[in-house]
1. Is at least one residue of the stretch 177-189 farther than 20 Å from ALA153 by Cα, under 16 Å from the mean Cα position of the chain (by Cα) and in contact (Cβ under 8 Å) with a residue 12 or more places away in the chain?
2. How about the stretch 45-63: which of its residues are within 30 Å of ALA204 (Cα to Cα) and surrounded by fewer than 21 Cβ atoms within 10 Å (Cβ to Cβ)?
3. Quick one: in the stretch 183-225, of everything that is at pLDDT below 95 and outside any helix (DSSP H, G or I), which residue is surrounded by the most Cβ atoms within 10 Å (Cβ to Cβ)?
4. Among residues belonging to the stretch 153-168 that are at pLDDT below 95 and buried (at least 19 other Cβ atoms within 10 Å of the Cβ), point out the one that is nearest to LEU96 (Cα to Cα).
5. Considering only residues that are surrounded by fewer than 24 Cβ atoms within 10 Å (Cβ to Cβ) and of a type in the set (Gly, Ala, Ser), which ones fall in the stretch 100-146?
6. Can you tell me which residues in the stretch 40-75 are β-branched (Val, Ile, Thr) and out of contact with any strand residue (DSSP E or B) (no Cβ under 7 Å at 6 or more places or on another chain)?
7. Looking at the structure I just gave you, is VAL86 buried (at least 16 other Cβ atoms within 10 Å of the Cβ), under 26 Å from LEU34 (Cβ atoms), touching a residue at least 12 places away in the same chain (Cβ under 8 Å) and touching a Cys at 6+ places or on another chain (Cβ under 9 Å)?
Amino acid sequence: MDAATLRAEPERVAELIDHTNVDPVSTTAEVRDLCEAVLEHDLNAACVVPYHAELAAETLGDAADVVVVVGFPYGVQNAAAKRAEVEALAESADELDMVLDRTALANGDDEAVVTDIRAVKQAVGEGTLKVIIESPTLTDDGIRRAARLVDEAGGDFVKTAVGYDGGCDASEVRAIREAVGPETGVKASGGIGSFEDALEMVAAGATRIGASSGVAIVESARSWG
């Protein structure tokens, strides 16, 4: 969905939103509320930590997708550990959001970054793999480099951030979009709290929005313009 379509039909923002609660101390009640909000507002998916994956799958059924984070939140786990996480989540997760190996990236070891992503993508198979590069911690050149590595390794999406190092901005999304092919998705995540924020991200090239404020975004879309 492009920005022009979203401006014309703001309510369709719900289709783009992965409604998110990846708080390490999130409770069963909070995640159940998250999933019920996804169902009530026709959001794309619920994004949760592995502990809550089964609960999310049971609550959502076939009505919405379950997104589960892997290698969270810093990506320092090795590829074997990330693959094991993916395999353990096979019955519950529709999509996986993995953090790339930030240590390898910081050390200029592009081969290790690509190998890590490819190993996880192999475990994911036909499912969707989004790869988090933690763009708020990178320069524009660093963002482009990381995004190109995700593209090279076969990731389906490049995702901006986990949100622990600050929110993303449109310039980060734009840098990712410039670096990857047209078939690669871009998930903007971190600090997106209104329809105006979401629209700005889509205009910059985002094709998915990750937000803990999914309901607020949809509600602001209803009164937009």
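1. yes
2. Across the stretch 45-63, the qualifying residues are VAL49, ALA63.
3. Applying the filter and picking the extreme gives GLY190.
4. Result: VAL162.
5. ALA104, ALA106, GLY108, ALA112, ALA119, ALA123, GLY125, GLY127, GLY142
6. THR59
7. Details: buried (at least 16 other Cβ atoms within 10 Å of the Cβ): yes; under 26 Å from LEU34 (Cβ atoms): yes; touching a residue at least 12 places away in the same chain (Cβ under 8 Å): yes; touching a Cys at 6+ places or on another chain (Cβ under 9 Å): no.
No.
The values are calculated or read from the model by the stated rules, or taken from the named source; none is laboratory data. These numbers come from a predicted model, not from an experiment. Glycine gets a Cβ as well: all are built from the backbone with ideal geometry, and neighbour counts include every protein chain shown.
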